[in-house]
Structures are given as structure tokens and as C-alpha cells.
Amino acid sequence: MSLEDIANQLKDMDENIILIFAFNATGKTRLSVAYKDVTKDANGKHTGVYYNAFSEDLFVWDNDEDNDGANIKLNILPSSLNQFHSFLYENPELIMEKLARYAPSYRFHLNQYDDIEAGIESVRFFKEGEEETAIKISRGEERIFVWCFYLALLEVDGWADEQDAHIFIDDPVSSLDEHNIFITADTIFQQIESHYERKTIIITTHHIGLFSNLARRLTQGGQSDRYRNLTALRVLKKVDDGLVLETPLRNVFLYHLHLLQVLDEARNGQLYTYHFALLRQLLEGITSFLGTSRIGRTLEKIGIQAESIDDVMHVINTHSHKNVYYDQTEMMNEAEQGYFNDIFRKLVEKYQFVF
């Protein structure tokens, strides 16, 4: 199916809460755009609100290199959301309330355009008590700030309360550590609690921790009775030249088994170097389960010769630290396929995986 087909499938679903897992580069962001298009009203206006990579791309650093970063700031590119910025400019504590859960080590100041109707031009960050010295926050901190900015905008009159058919949240956890991913899951769950009876809420993610956390709360947790029958769990997968939206067996989704299925299909088709990144994720999960921090130790346990482990790890690490989250079309050479197939076969034999 095409992205438009998948979007229409989502549009026609009965459930109010739709949680979708997909590997990066499957098309989650493009799906949010396709959904936006197929849900426009008769006048071509958007009926819901969205958070996706395009939302994040509105925030761009001005490093002020000519002045050694003295006036470094995070610019906000103009968009249809600027008309709602004045509410945040007048109430910056709304953003701070969202940020507080992440215990930020910085404070911020919102810089408005001279024309107040034009909205917020940029954000200046600084350490508490050092307001005169502008700083650049980390990538993870930036993503958290943008997410909290968006959450605050959801409370502005005239946006989410008018475009009130749905909320589509696409992967707000890039560049976050596990602790902050847990907090983000909680903020998403709060949105579900607030809106599930009146709106469709769609969440897509590549992160199994976020997916599992939300799926457990919605279908198994102490409060799940109110959500379970309104929740759909799905997996978005590439199939041949198209996509498919699958329902996990019995609504149970085990990430390591999904990885095994994907990698086994690749072995029987065409192996690309990015499959080493997925193999590493599988090895990391097994290594953590075994209570160790060394993938090399896991390789020893499955029977990889000790003298070969350094070479094997070099190949895995080389291909896992390239552009992991984007499609790579580089095919594995014969030696790489040998390493890959040997590890995969021995993992399955050692731990008797059934998938």
C-alpha cells in the first residue's frame, strides 16, 4: 500500500488511540503529512494538529560566529503557528511548567518580533543567574524544549481547540536518553488522558521503550480499562515497494522478535550494511538481559571465536555508527555477509528463538 492508503486506513479506524511502531526511514513523518492531507475538510483546511520533524525543523540555531557566539540564539522560522505565539510570549511560564519535569539546567528568554503579531522570532538560553551570557543547549535539550514549546501551544485558544479532530505525534524522542524518554511518555499519556474521548490521537515512534511504555499503560495498566477497547497497536513495515500496517499477534509486541523477523527476511533477500545497526540493537538487548555491558561477551557466549571478536566488533561498529537512522543502499560484501550470517545463526541456535 501507499502512504495515502495507510493514511486512509488510519482515518477509517474505529479506535481513538492509535500507537504505531516503525523503524526509522519507514515513512512515519511522511505518513503524518499524508494523514494531514486526507483529513482536510471540504474547504481544504486542516482538521487536526501535528508534531513531527517539520515542527522541529522550524527551530534553527544562529551561532553568531562573527561574534564568537556572544548572541547565540535558537531562531524560530515563520509558520502558521506564529499567530499563536503571543500567548506564549505573555505566558512563558506555560513552557517552563512543561520543562520543569525534565529538570533543565538552563533558563530561556523569548524574543518577539517588533511587530507583535508576527510572533516569537527566537529563543535565548542562559544559565540561571547568568542572564547576560547566551549559551547553546545540547541537541537533546533542544528537542525537549521544542516538544515543551509545542505542548504549551496545544493550550492556546484558536489552534488545537479549533483544529480539534485529532492530534498526530510523530517520534518526539530523538536524541533523548532513557530517563527523558520515560518523562516524554508521561507527557504523551497526559495528552491521551485529556483528549481521548473527543479526539483521535495517533502516536508513531521508532523507540521500543516509548512504544512499550505507552502500550502497557493503555492495555495492561491499572487505568487501562478506560483505554483498552479504544486503543489500536500497529506496526508499520516496508513490504516490497509499498507499506503495510500490521496488527501485532494478540496485541503483544516483542521488539527482539520483530528484529529477528526483519533480519531473517533480509538474509533471505538482500543484506545491506544498515542491517548491522539492527543486529547491534538485537545484541544490545540480549547483552542487557544477560546482565553485562559488553557485546563482545555475548559474542563469546554464542560461540564466536575469541580471536575473531575484535574483527567482528569492528565491522558491527563501523556500520552501526554511520547514518543509522536513514536508508543506506550499500550492499554487504561477501565477508560482511559471512560475519552477519554467522552471528545471526549462532544467536538463534544458542537461545532457541522462535519467530
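Just so you know, all these numbers are worked out from the coordinates, no wet-lab data involved. These figures come from a predicted structure and were not determined experimentally. As a convention, Cβ positions derive from the backbone with ideal geometry for all residues, glycine included, and neighbour counts pool all protein chains shown.
Numbers below:
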quantity: At 1.002 mPa s and 20 °C, Stokes D of segment 255-351 from Kirkwood alpha-carbon radius, µm² per second; calculated: 159
quantity: Antiparallel bridge percentage (DSSP; both residues within the chain; nearest 5); calculated: 50
quantity: Rounded FRET efficiency, nearest 0.05, which uses the C-beta distance separating S288 from N63 and R0 of 41 Å; calculated: 0.65
quantity: Unit Cα scatterers, Debye sum, segment 60-143: log10 I(q)/I(0) for q = 0.14, 0.23, 0.26 Å⁻¹; calculated: -0.50, -1.27, -1.42
quantity: Between 0 and 90°, nearest 10: helix 139-153 axis offset from the chain longest Cα axis; calculated: 50
quantity: Degrees between helix 255-267 axis and first principal axis of the chain (Cα, 0 to 90, nearest 10); calculated: 60
quantity: Cα-based reach from K237 at 28 Å (exclusive), listing lysines while leaving out same-chain residues under 8 positions away; calculated: K11, K28, K36, K40, K199, K322, K346, K350
quantity: Cα-based Rg of the chain normalised by 2.2 N^0.38 Å, two decimals; calculated: 1.10
quantity: Crossing angle, helix 178-195 versus the chain [Cα axis fit, 0-90 degrees, rounded to tens]; calculated: 60
quantity: Full-extension gain in nm, I116 to E132, via 0.36 nm per residue minus C-alpha separation; calculated: 3.4 nm
quantity: Within a Gaussian network of the chain (alpha carbon springs, distance under 10 Å), most fluctuating of N333, N180, N111; calculated: N333
quantity: Net lengthening on full extension, R101/D241 (0.36 nm per residue, minus Cα-Cα); calculated: 46.2 nm
quantity: Mean Cβ neighbour count within 10 Å, used as a protection proxy, ranking 12-24, 229-241 highest first; calculated: 12-24, 229-241
quantity: Relative contact order, percent, the chain [alpha-carbon distance under 8 Å, six or more residues apart]; calculated: 20
quantity: Candidate lysines - alpha carbon under 23 Å from K136, same-chain residues fewer than 8 apart omitted; calculated: K73, K98, K127
quantity: Residues S194, S80, S288, sorted so that the one with the fewest Cβ neighbours within 10 Å comes first; calculated: S80, S288, S194
quantity: Distance cut-off 18 Å, percentage of C-alpha pairs in segment 112-233 lying past it; calculated: 61
quantity: Label-point separation in nm, S194 to A165, each point 7 Å along Cα→Cβ; calculated: 2.2
quantity: Under 13 Å from K45, Cα to Cα: aspartates and glutamates that are on another chain or at least 8 residues apart; calculated: D37, E162, D164
quantity: Zone residues, segment 143-181, relative to T47, backbone N less than 13 Å from point 7 Å out along Cα-to-Cβ; calculated: 163-167
quantity: Estimated inter-spin distance, D14 and E300, nm [label 7 Å along Cα→Cβ]; calculated: 5.5
